[in-house]
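The values are calculated or read from the model by the stated rules, or taken from the named source; none is laboratory data. Here the structure is a predicted model, which means the values were calculated and not measured. Because the Cβ atoms are built from the backbone with ideal geometry, glycine has one as well, and the counts that use them run over all protein chains shown.
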Amino acid sequence: MIEAVELRRVALPLVVPFRTSFGTQTVRDALLVRVLTPSTEGWGECVALSEPLYSAEFVDGAELVIGRHLVPRLWAVEHPGELAGALRAVKGHPMAKAAVELAALDAWLRGTGKSLACHLGGVREAVDVGVSVGIAGSLGELVDQVEGYVADGYRRVKLKIEPGWDVAPVRAVRERHPDLPLQVDANGAYRLEDATALAALDGFELLLIEQPLAEDDLRGHAELARRLATPICLDESITSLGSAVEAIESGACAIVNIKAGRVGGYLEATRIHDACVERSVPVWCGGMLETGIGRAANVALASLPGFTLPGDLSASSRYFHADLTAPFELEEGRLRVPEGPGLGVDPRPERLAELTTSVELLRP
Ligand code: OSB
Ligand code: MG
């Protein structure tokens with residue numbers, strides 16, 4: 001079924017540098033996977049960042065794993081149902097696997113005419129979206145940025161926090177926007193000893209606090225949850241269906257951020273969604289500064305019924321001057337779910353040519 005696989009690196013400068021507790025991104029250096037079959041093609045985007053600072057995976061490593069260990073296992077796959085089994089022998093590398101799965105799924109869905117949203121069980125035509133705002137140079141700069149996003153119509157705002165940049169930015173934004181749905185993300189920058197400092201956020205009516213402690217610290221999160229009024233949501237700690245169930249049942253989180261890349265693909269992401277719905281745990285769709293390719297897939301995922309909180313799914317213009325696909329645009333605080341076959345979007349050939357930094361074609 002799969003005749004060739006193209007691995008393509010693209011570099012998209014960000015409109016605003018994105019600063020977090022783990023570093024600052026100024027360019028999105030992304031890896032695209034294109035699967036070619038006799039009758040069609042499919043696209044996937046690997047969400048690994050340039051450096052292993054958010055997750056152990058990083059884009060150069062993912063490219064090597066895909067080219068050397070995953071693609072050789074694809075040649076025997078006849079149907080996407082066989083994909084997970086074919087890749088299972090390779091340990092770890094969920095972001096690499098997710099990109100390959102998405103490209104194969106897209107190719108197959110394009111062949112059948114069905115949209116990804118429909119295939120995953122989506123029920124919405126448009127999804128509510130929020131915006132993730134990086135650590136700013138000053139409180140004034142942050143308040144101005146948030147002002148702009150609120151004026152654009154985003155339905156909730158997430159502030160990146162770290163020790164020393166938490167209560168003051170939250171207070172500044174909350175004073176200006178008393179009714180704005182607001183949440184924070186620490187990317188694991190705190191320790192359980194900081195519980196008192198984090199409890200100082202309880203007075204600001206936050207929807208949630210995302211990943212306050214380290215990725216592997218479920219016990220710490222469960223203990224912290226007992227000391228905070230603000231619900232804990234996990235991002236980095238949720239790496240599979242099993243870890244999601246464990247996190248929920250151990251009291252480590254009350255809300256789950258679902259990122260398909262982090263859990264090995266859109267099919268595993270859907271299983272986590274189902275497990276959360278069964279347990280009445282709200283979920284929302286996380287983001288990794290995706291181009292229009294990954295964004296299309298995320299919007300499709302977010303159209304499932306359990307995604308009841310706005311996702312980190314912003315308009316193309318929030319990230320890039322020029323996206324790879326036709327731009328995703330905000331319509332009253334929502335993004336429309338693509339309806340065409342597969343992802344329902346295509347990279348624009350001239351953009352692809354402009355933004356590509358390397359291409360490699362692999363054949364059996
Ligand atoms: O922790 O949610 C995160 C971006 C890159 C890596 C990790 C995270 C993020 C974001 C941005 O918060 C979400 C987006 O794509 O808008
Ligand atoms: Mg996060």
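Considered as a group, the residues in the stretch 122-147 that are among the charged types (D, E, K, R) and surrounded by fewer than 21 Cβ atoms within 10 Å (Cβ to Cβ) include one that is farthest from Gly344 (Cα to Cα), and that residue is Glu141. Report, by residue number, each residue of the stretch 209-219 that is crowded, with 23+ Cβ neighbours inside 10 Å and among the aliphatic types (A, V, I, L, M). Passing the criteria: Ile209, Leu213.
Report yes if Ala186 is crowded, with 18+ Cβ neighbours inside 10 Å and small (Gly, Ala, Ser), otherwise no.
Judged against the criteria, Ala186 is a match.
In this structure, does Glu215 turn out to be in the same structural domain as Asn298 (by TED's automatic domain parsing), in contact with an Asp or Glu (Cβ under 6 Å, 6 or more places away or on another chain) and modelled with pLDDT of 95 or more?
Details: in the same structural domain as Asn298 (by TED's automatic domain parsing): yes; in contact with an Asp or Glu (Cβ under 6 Å, 6 or more places away or on another chain): yes; modelled with pLDDT of 95 or more: yes.
Considered against the rule, which asks whether it is in the same structural domain as Asn298 (by TED's automatic domain parsing), in contact with an Asp or Glu (Cβ under 6 Å, 6 or more places away or on another chain) and modelled with pLDDT of 95 or more, Glu215 comes out as yes.
Determine whether Leu182 is touching a Cys at 6+ places or on another chain (Cβ under 9 Å), closer than 26 Å to Leu142 by Cα and aliphatic (A, V, I, L, M). No: the conditions fail for Leu182. Residues that are in contact with a Cys (Cβ under 8 Å, 6 or more places away or on another chain) and under 25 Å from Ala214 (Cα atoms) are absent from the stretch 40-58 altogether.
For Thr20, state whether it is touching a residue at least 12 places away in the same chain (Cβ under 8 Å), within 16 Å of ligand 2 (Cβ to nearest atom) and more than 16 Å from the chain's Cα centre (by Cα). In short, no.
Residue-by-condition table, conditions (1) in a loop (DSSP other than H, G, I, E, B); (2) at pLDDT 95 or above; (3) surrounded by 21 or more Cβ atoms within 10 Å (Cβ to Cβ):
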{"position": "Tyr190", "(1), (2), (3)": "yes, yes, yes"}
{"position": "His221", "(1), (2), (3)": "no, yes, yes"}
{"position": "Arg226", "(1), (2), (3)": "no, yes, no"}
{"position": "Cys233", "(1), (2), (3)": "no, yes, yes"}
{"position": "Ala247", "(1), (2), (3)": "no, yes, yes"}
{"position": "Asn257", "(1), (2), (3)": "no, yes, yes"}
{"position": "Arg262", "(1), (2), (3)": "no, yes, yes"}
{"position": "Ile272", "(1), (2), (3)": "no, yes, yes"}
{"position": "Val277", "(1), (2), (3)": "no, yes, no"}
